[in-house]
Structures are given as structure tokens and as C-alpha cells.
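Colleague: This is the structure I have questions about; it appears just below.
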Amino acid sequence: MSSFVLSKLGQNHIDEISDANNEPTWLKEYRKNSFAIYQQLPPEVSPLYNKYSDANKMNPDEVTFSLSSDSTVPDFVKDRMNELADNPHVVQIGTNIHKINLSSELKSKGLVICSIQDAIKDHSDKIKKSLESTDPKTDKYTALNNAFFNSGIFIYIPKNMILEKTIHLISSLSMDQTSTISRNIIIGEESSKASIVQELYAPKSPKQQAYLELLNVHVNQNTELDLITLQAMDQNAVNFSTRKADIGRDGRMNWYLGLFGSLLSRYKIDNYLSGIGANATDTEVVFGNKNQSFDITSNLIHIAQSTSGRVLEKSVLKDTSKSLFKGMIRIEKEAHHTESYLAGHSILLDKGAKSDSIPGLEIFTNDVKATHAASVAQIDDEQLFYLGTRCLSKSDAQKIIVEGFLEPLSRKMSYQIRAWITYLIDSKWLGRELSIKSDEQLKELLEVEETRYRETDIFGSHYKYR
């Protein structure tokens, strides 16, 4: 299939994609309906956010797609593949699923990890239900992904499976400068538990590449899923991700985002708490420099009673980088006894950096607890002066203040996540390549983070009843 440019998409391209993958008729019609919606919608649906959006940083004349991209594995991905060893993992290069590592033991217990094309053939009922649960009218790029996805990953965790090993998803844009539209679906059946780490990379490219993702997560009754995203793409790339979680009774969905790379990162997360006792947590760390732009939306939609949600986003911005945090807590009429919290905080390290936070509440019932917060500030000159008197350079002083700014956030993360995020922050601060490597520095960070709060917990329990 020949390459096609984002600015010149047409229904003929849908026919090419569907025919090449031998897709069922219902999916072809679904694509065409979504494309019609894509053509009608503006880049930012809400007029409130339109003036803040940097979505036009994605150049539709440079971003090109193909059904079959270059499958060459970049060196930094090869390093990660060697480090993952026997852990269940998927390696995605452009539109190609390069490798799926799944032990026969886990496969026999019902765990499924496969490409979205294979899932459409082998699990069509689950895929169709998931696709139809996504409304393309909510966002232009949701409609785009529904219409033209040319790759994707499907993960199915069966009932009662407690997965001890972490599933790793390694995705990199291809070396031939084409972009990827990925349709990812994760289903956790009743009383299951799993942790998934997604790493996003992009090779250096003279022209703009894009990784566009639409992710559906289904958290069924009494299920707990952790999804950690570490985005370390080259700064000439663009990363759009639209995510939706449907959370059933007593289900728990934990999102962790570490956004460090790309020219523009646009993330939208919708949590639908539709079962009694459902819980959603969204913890996000953003570190921008140069002319990077981060556009983050996180929504908590409380539908059932006795649900709880928590969103906390923190941005650290250098040079002329920008961040925009948009969040909404919506509590429906039947969602009594809900507790929800949403906050976005930014620290500006340079005068050219900029941040906007727009949190909101929509409450349609009583007997609930809901609050939001936002703050944007520069580093206190007195703090820098004080640390300077302790023989610290300005850069080292700023780094210590940033670590203190992020520290309350890291308490909510596991020690592995804290170590990975600290490693990427250090790499970016020092101008190193953004990728996770199991070197001596990472090993030291893992050792430190594993014991970081242990002494505090010991002393806290010791003095609790004194």
C-alpha cells in the first residue's frame, strides 16, 4: 500500500486498509462513519479550550501513514528487548508487531496478547463491543483513529488471574519516517489484577512523525489494573493519545504518566466510574524544555454511588515550553456518596515557560465530596539564594527544588515507577538520550526507591500508639 498524507485522507484509503486486512463489513462501515465525523469536527471541540490548544503543531502535510512501515528495530529498542528477558512483552515498530513474548504457561491460563488485526479475527465479539463503546463525536482525533488505525495491541486478562509479572509494551515509530495510528484495547475480567508498562519512543527524523493512539480499558468487577506510560520520544515527533476506562463494581484503575519527549503531547483520559465502589487514580508527571508543548485532559465521570477518583498532575517547565491542564469532575444524579479530587500544579524554571490550568466541577446530586485545585508559580528566588549559600550551583539548586515539588506525587507510586521517572528526569536534565537502560544509575535508583519510605513507615507505626 502506498503512503498517504494526513491532509489528504479519503474514503479510498479506508477501502485500502480494510481490503488489505480482510476486515468484516461492520468494521469497514464503522471506519467510514468515523471518517465522516472526523471531517466535521474542529481540532478542539470545546470553545473554552480552543484558544489554548497547540494541536496545530502537528503538520498534516508532513505526517504520512502506510499500512506496512519499515520493520527495522532501532538500537535503543534492541537494548530494551534484551533487558526484558522472559517478562511478557510486545515490541511494536511502526505498524508492525515485531515480537510478542508470552510464555506457554500464561497462554494456557487464558492470557491473550496479540495484534489488533488478530484480535478482530479471533475475538471479534469483544473487539466489536469495545469499538462501539467509543463515541467518535467526542473528539476529532478519536474519530481519526477509529477511521484509519493501521496497527494496535489487544490484551485480555481472564477471570481471577493475578499476574505477578509486569506486561511491557515497547512502541517505537519506524525508521522510514512514517507515522502510526494504533488502536489498543485492554480487558481485565472479574477479580483479575495486572500491571502494564508502556514505553513510547521515536527515532530522530528530519520530518515530523506522529504516534496517534486510542486506548480502551475495561475494568470489570473487583479488578485492578495499573497502566504506566513513559513517553520518551524524539522532540520532532508528535504524540496524541485518547484513553477511556470503563470501571465496574469495586474495580480500580490506576494511571501513571511520565511525559518527557515529543514536540507536542496531547493526552485525554476519561474515567467512567459506572459500578458501585469503583475507583480511578490518575497521576501525571510532565517535564518540558525547549519549545515542547503538553496538552493534558483528565476527566472523572461518576455514574454510580460510592465511587472515588483522584487526579493529580504536576508539570516542570524550562526554556519556552508550555503545558495546558484541563480537568473535569462530573457527578451524575445517582452518584451519591462520591469522593473526588482533581488538581494541576506547575513550576516554571524560566521566564519564557508558560502553564495554564483549567479544572472544573459539574455536580448533579448531593451528599458528595468534590474539590479541585490549580497553581502555577516560578521558583522562589529566596530558595535559590539559600541553596546557593550551601555551595550549590543554580542548576543543582533548581533540581533539588523540583525533586521536592514532585516528592508528594511519588509517594503514590511503586518504587519501580519512581525509579524509572527519576531516571528519565535525570537524563533530560543532563541532556542524555531519553530511554530506560538497566545501567548502574538505574540500579542505584531502584535500591534507593525500594527503601525510600520504609523507615518512615517503621517509625510511623512505632509511634502510632505512644
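The values are calculated or read from the model by the stated rules, or taken from the named source; none is laboratory data. Predicted model, so just to flag it, every value in this text is computed and none were measured. Note that we place each Cβ from the backbone using ideal geometry, even for glycine, and neighbour counts take in every protein chain shown.
Colleague: Within region 190-228, can you find the residues that are among the hydroxyl-bearing types (Ser, Thr, Tyr), under 19 Å from VAL73 (Cβ atoms) and surrounded by fewer than 22 Cβ atoms within 10 Å (Cβ to Cβ)? Spell out the reasoning first.
Modeller: Taking region 190-228 as the starting set, the residues that turn out to be among the hydroxyl-bearing types (Ser, Thr, Tyr) are 191-192, 195, 201, 205, 211, 223.
Then keep just the ones that are under 19 Å from VAL73 (Cβ atoms); that gives 201, 205, 211.
SER205, the sole residue that qualifies.
Colleague: A follow-up question, please. Return the residues of region 302-313 that are surrounded by 23 or more Cβ atoms within 10 Å (Cβ to Cβ) and not in a loop (DSSP other than H, G, I, E, B); say none if nothing qualifies.
Modeller: Within region 302-313, HIS302, GLY309, VAL311, GLU313 qualify.
Colleague: I'd like the full set of residues that are assigned to a helix (DSSP H, G or I) and more than 27 Å from the chain's Cα centre (by Cα), limited to region 1-11.
Modeller: Across region 1-11, the qualifying residues are LYS8, GLN11.
Colleague: List the number of the failed condition for GLY110; all other conditions in (1) assigned to a loop (DSSP other than H, G, I, E, B); (2) buried (at least 22 other Cβ atoms within 10 Å of the Cβ) hold.
Modeller: (2)
Colleague: For region 346-385, give me each residue that is within 20 Å of ASP295 (Cβ to Cβ) and among the basic types (Lys, Arg).
Modeller: LYS354, the sole residue that qualifies.
Colleague: Right, another one. Could you please give the count of residues in region 367-426 that are closer than 25 Å to PHE325 by Cα, assigned by TED's automatic domain parsing to the domain that holds ILE331 and surrounded by 14 or more Cβ atoms within 10 Å (Cβ to Cβ)?
Modeller: Within region 367-426, residues that are closer than 25 Å to PHE325 by Cα, assigned by TED's automatic domain parsing to the domain that holds ILE331 and surrounded by 14 or more Cβ atoms within 10 Å (Cβ to Cβ) number 6.
Colleague: Same structure again: Does ALA335 meet the test of being touching a Leu at 6+ places or on another chain (Cβ under 9 Å) and assigned to a loop (DSSP other than H, G, I, E, B)? It would help to see each step written out before you state the result.
Modeller: Values: touching a Leu at 6+ places or on another chain (Cβ under 9 Å): yes; assigned to a loop (DSSP other than H, G, I, E, B): yes.
Yes.
Colleague: Would you mention how many residues in region 309-345 are within 13 Å of ASN289 (Cα to Cα) and not β-branched (Val, Ile, Thr)?
Modeller: 7
Colleague: Using beta carbons and a limit of 6 Å, which pairs, at least six apart or on different chains, have the first residue in region 316-343 and assigned by TED's automatic domain parsing to the domain that holds LYS354 and on the phi < 0 side of the Ramachandran plot and the second one crowded, with 24+ Cβ neighbours inside 10 Å and assigned to a loop (DSSP other than H, G, I, E, B)?
Modeller: As it stands, the answer is SER321/GLN292; ILE331/THR338; THR338/THR307, since those pairs meet every condition given.
Colleague: When you check ASP86 against the structure, is it outside any helix (DSSP H, G or I) and either more than 18 Å from SER171 (Cα to Cα) or of a type outside the set (Ser, Thr, Tyr) (or both), yes or no? Step through it out loud before you land on a result.
Modeller: Working: outside any helix (DSSP H, G or I): yes; either more than 18 Å from SER171 (Cα to Cα) or of a type outside the set (Ser, Thr, Tyr) (or both): yes.
Spelling it out, ASP86 is indeed outside any helix (DSSP H, G or I) and either more than 18 Å from SER171 (Cα to Cα) or of a type outside the set (Ser, Thr, Tyr) (or both).
Colleague: Report yes if some residue within region 221-234 is over 19 Å from VAL90 (Cβ atoms) and charged (D, E, K, R); otherwise report no.
Modeller: Scanning region 221-234 turns up at least one residue that is over 19 Å from VAL90 (Cβ atoms) and charged (D, E, K, R).
Colleague: Go over the candidates ILE187, ILE127 one by one and state the one that is within 18 Å of the chain's Cα centre (by Cα) and in the same structural domain as LEU9 (by TED's automatic domain parsing).
Modeller: None of the other options fit; the residue is ILE187.
Colleague: Of ASP122, ASP79, which residue is at pLDDT below 90 and in the same structural domain as TYR156 (by TED's automatic domain parsing)?
Modeller: On the way: ASP122 fails: at pLDDT below 90.
Matching residue, one of ASP122, ASP79: ASP79.
Colleague: Now a separate question. Quick check: is even one residue across region 5-13 more than 21 Å from GLN208 (Cα to Cα), aliphatic (A, V, I, L, M) and touching a helix residue (DSSP H, G or I) at 6+ places or on another chain (Cβ under 8 Å)?
Modeller: No, region 5-13 contains no residue that is more than 21 Å from GLN208 (Cα to Cα), aliphatic (A, V, I, L, M) and touching a helix residue (DSSP H, G or I) at 6+ places or on another chain (Cβ under 8 Å).
Colleague: Now a separate question. Identify the residue in region 12-63 that is outside any helix (DSSP H, G or I) and in contact with a strand residue (DSSP E or B) (Cβ under 6 Å, 6 or more places away or on another chain) and, among all such residues, is modelled with the highest pLDDT.
Modeller: VAL63
Colleague: Here is a check on your reading of the model: is ASN254 over 26 Å from ILE116 (Cβ atoms) and not hydrophobic (A, V, I, L, M, F, W, C)?
Modeller: In short, no.
Here is a yes/no grid of residues against (1) basic (Lys, Arg); (2) exposed (fewer than 14 other Cβ atoms within 10 Å of the Cβ); (3) farther than 28 Å from GLN117 by Cα:
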position: ILE37; (1), (2), (3): no, no, no
position: LEU41; (1), (2), (3): no, no, no
position: ASP54; (1), (2), (3): no, no, yes
position: MET58; (1), (2), (3): no, no, no
position: ASP61; (1), (2), (3): no, yes, no
position: LEU67; (1), (2), (3): no, no, no
position: VAL73; (1), (2), (3): no, no, no
position: LYS78; (1), (2), (3): yes, yes, no
position: ALA85; (1), (2), (3): no, yes, no
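Colleague: Which one of these does ASN291 not meet: (1) in contact (Cβ under 8 Å) with a residue 40 or more places away in the chain; (2) closer than 30 Å to ASP176 by Cβ; (3) in contact with a Leu (Cβ under 8 Å, 6 or more places away or on another chain); (4) part of a loop (DSSP other than H, G, I, E, B)?
Modeller: (1)
Colleague: Is there any pair linking a residue in region 1-29 that is of a type in the set (Lys, Arg) to one that is part of a loop (DSSP other than H, G, I, E, B), with Cβ under 9 Å and at least six apart or on different chains, and which?
Modeller: LYS8/PRO60; LYS8/ASP61
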